[in-house]
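Peer 1: Mind having a look at this structure? Questions to follow.
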Amino acid sequence: MNKTILIGAALLGLAAAPAALAQTVTGTVNVTGSVAARCVVITGGSGSSFSGSIPLGELAGTDGTLSSTLSGSTNASPGGSTQFRVNCNSAAPKVTLSSTRLALSPTVTAPTGYANVIDYTAALDANLANGSTQTVSYVTAAALPAATVQSLSDSLANSANNLTVKAYALNTASGALLMAGNYSSVISITIEPV
């Protein structure tokens, strides 16, 4: 009987041994994720494209030449503008800007002393997160220059209408009469997260 008690006590001691050896353990678990660099249109379009128009109205003054209001327009007081909101989650988005000339459509050959195309400055004013505005501009000409490519100095502002597209400083040959008809041009803008 004493043997049974001793064997039982020994077994009970072995069962209690792991509990006596247990100590506190610690560990770590890493949680990770990522955000892809992207730009998305919020107002003025959807997804990855936006569009609008800048109606300049009557282009000619009462004498038939380019309106002095349009030829004298500036970035601060443009001939016309439109606004959009684009959200980009990168620190310095890259903007590419170009434009076609404002041309009579359908095209008709302009006689001497007349104009069927109007050159101008296309501009994109970008409101930035640091509270400043950065302007990217492109000037049309008979031989269209390469597109303007410029990185913004900060992130786009997280606000309504953070992009303003403008047309200003319209010009033709001095004293040229504008041919009658409808004129059109396309301003092309690409905004890339960098």
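Readers should treat all values here as calculations from the given coordinates under stated rules, not as data from a laboratory. None of the values given here were measured: they were computed from a predicted structure. Please note: Cβ atoms are built from the backbone with ideal geometry, for glycine as well, and neighbour counts cover all protein chains shown.
Peer 1: Along the principal axes of its C-alpha atoms, what lengths does region 113-194 span, in descending order and rounded to whole Å?
Peer 2: Here the spans come out as 48, 25, 19 Å, largest first.
Peer 1: What number, in percent, do you get for the relative contact order of the chain if the mean sequence gap of Cα pairs under 8 Å and at least 6 apart is divided by its residue count? Let's see the in-between values first.
Peer 2: Values: 380 pairs, mean separation 56.2, N = 194.
It comes to 29 percent, rounded to a whole number.
Peer 1: At a 10 angstrom cut-off on C-beta neighbours, averaged per residue, how do the peptides 39-47, 155-163, 96-104, 116-124 rank from highest to lowest?
Peer 2: 116-124, 96-104, 155-163, 39-47
Peer 1: Next question. Can you order the peptides 85-93, 49-57 by their average number of other Cβ atoms within 10 Å per residue, highest first? Please report the intermediate quantities before stating the final value.
Peer 2: Values: 85-93: 17.9, 49-57: 12.1.
For the peptides 85-93, 49-57, the packing ranking is 85-93, 49-57.
Peer 1: Between Rg and the Kirkwood Rh of the chain, both from Cα atoms, what is the Rg to Rh ratio?
Peer 2: Expressed as Rg/Rh, it is 1.62.
Peer 1: Roughly how tilted is helix 2-21, in degrees to the nearest 10 and between 0 and 90, from the longest Cα axis of the chain?
Peer 2: It works out to around 20 degrees.
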